[in-house]
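The values are calculated or read from the model by the stated rules, or taken from the named source; none is laboratory data. Everything numeric in this text was worked out from a predicted model, so none of it was measured. Backbone-built Cβ (ideal geometry, glycine too); neighbour counts: all protein chains shown. The accessibility values were calculated without ligands, DNA or RNA, using every heavy atom of the protein model including side chains. Shrake-Rupley method; radii C 1.70, N 1.55, O 1.52, S 1.80 Å.
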Amino acid sequence: QVQLVESGGGMEQVGGSLRLSCAASGDIIQPNVMGWYRQALGKQREWVATITTSGNTHYTDSVEGRFTISRDNAKNTVSLQMNSLKPEDTAVYYCKLAIVGYNYWGQGTQVTVRS
């Protein structure tokens, strides 16, 4: 059984910063891919960023240069540093862990950016 628990969401003003964290527990096999997705009210869930066990990162265009994903393989954690926040970043953010074709999701954490 794999569980993911996110933390760090909240409310911030435009231009501010927030840091999200996600801790995975259970039978974690490496290599794997950890990532962040988000879902705004009334919209479909969208991919934000991913990072492999070896540290390769990928970002969706809208967050490139503003968000930074990182991970600690020993602790099975992944973080998302979000800078220069925009109102369109408002969403529920979900942590995802992909292991050999299986996807595990966290419960989500709300991020609200006030203009």
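Of all residues in segment 9-26, how many are farther than 13 Å from Gln107 by Cβ and part of a loop (DSSP other than H, G, I, E, B)?
4
Against the condition in a loop (DSSP other than H, G, I, E, B) and not aromatic (Phe, Trp, Tyr), how does Glu64 come out, does it pass?
On the way: in a loop (DSSP other than H, G, I, E, B): yes; not aromatic (Phe, Trp, Tyr): yes.
Yes, satisfied.
Please determine, by comparing only the residues of segment 18-52 that are of a type in the set (Val, Ile, Thr) and open to solvent by less than 30 Å² (accessible area, probe 1.4 Å), which one is farthest from Ala91 (Cα to Cα).
Looking at the filtered set, the residue picked out is Ile51.
Picking from Thr109, Thr68, which residue would you name as being open to solvent by 40 Å² or more (accessible area, probe 1.4 Å), of a type outside the set (A, V, I, L, M, F, W, C) and touching a strand residue (DSSP E or B) at 6+ places or on another chain (Cβ under 6 Å)? Please lay out each step first, then the result.
Numbers: Thr109 fails: open to solvent by 40 Å² or more (accessible area, probe 1.4 Å).
Selected residue: Thr68, the only one of Thr109, Thr68 that is open to solvent by 40 Å² or more (accessible area, probe 1.4 Å), of a type outside the set (A, V, I, L, M, F, W, C) and touching a strand residue (DSSP E or B) at 6+ places or on another chain (Cβ under 6 Å).
Please go through (1) surrounded by 18 or more Cβ atoms within 10 Å (Cβ to Cβ); (2) within 22 Å of Arg114 (Cα to Cα) for Leu4 and return the number of the only condition it doesn't satisfy.
So Leu4 meets the others, but not (2).
Residues in segment 58-65: is at least one under 26 Å from Val2 (Cα atoms) and either open to solvent by 40 Å² or more (accessible area, probe 1.4 Å) or free of Cβ contacts under 8 Å to residues at least 12 places away in the same chain (or both)?
Scanning segment 58-65, I find at least one residue that is under 26 Å from Val2 (Cα atoms) and either open to solvent by 40 Å² or more (accessible area, probe 1.4 Å) or free of Cβ contacts under 8 Å to residues at least 12 places away in the same chain (or both), so the answer is yes.
Across segment 71-95, which residue is least open to solvent (accessible area, probe 1.4 Å) among those that are farther than 24 Å from Gln13 by Cα and assigned to a loop (DSSP other than H, G, I, E, B)?
Asn76
Do you know which residues across segment 96-115 are outside any strand (DSSP E or B) and farther than 15 Å from Ser7 by Cβ? Write out each step before concluding.
Within segment 96-115, the subset outside any strand (DSSP E or B) is 100-101, 106-108, 115.
Hits for segment 96-115 are Val100, Gly101, Ser115.
Could you check, for segment 40-58, whether at least one of its residues is within 17 Å of Arg114 (Cα to Cα) and in contact with a strand residue (DSSP E or B) (Cβ under 9 Å, 6 or more places away or on another chain)? Give the derivation first.
Initially, segment 40-58 is screened for residues within 17 Å of Arg114 (Cα to Cα), giving 40-41.
After this cut, where a residue has to be in contact with a strand residue (DSSP E or B) (Cβ under 9 Å, 6 or more places away or on another chain) as well, the list is 40-41.
Yes, some residue in segment 40-58 is within 17 Å of Arg114 (Cα to Cα) and in contact with a strand residue (DSSP E or B) (Cβ under 9 Å, 6 or more places away or on another chain).
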